[in-house]
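To keep things clear, I will list the structure first and then write my remarks on it.
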Amino acid sequence: MRKLAPLFAIVALTATRLDAQYARRYEVGLFGAYTKYDKAFGLADKPGGGVRFAYALTPMIDFEVEALFQSPQDVGTRTSRG
């Protein structure tokens, strides 16, 4: 990762304003997702998907809303016998 840091710094410092995105002012897109849960919670890893909406207020400020959808999980209760 340390070897990639200079590359990320160069990209960040040379980035320009994205005129194409501001010209449209809004953007709607779909995406896929895969969530891996900690095994301590007893949940299965789940594929899912979502939708993203973005609206450019100015060339440097935008408003984004994102929603992720996954199938529900059955969560059992743990009982202890003692």
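Observations on the model:
- Site pair PHE63 and ALA44 shows an inter-label distance of 3.9 nm when each label is modelled 7 Å from Cα along Cα→Cβ.
- Excluding ligands, DNA and RNA, the accessible surface per residue across region 24-63 is 76 Å² with a 1.4 Å probe.
- Relative to the current alpha-carbon distance between TYR55 and THR14, full extension at 0.36 nm per residue lengthens the span by 12.4 nm.
The values are calculated or read from the model by the stated rules, or taken from the named source; none is laboratory data. Keep in mind it's a predicted model, so treat the numbers as computed, not measured. All Cβ positions, even for glycine, are placed from backbone atoms using ideal geometry, and neighbour counts span all protein chains on display. What goes into the accessible areas is simple: the full protein's heavy atoms, side chains included, and nothing from ligands, DNA or RNA. Shrake-Rupley method; radii C 1.70, N 1.55, O 1.52, S 1.80 Å.
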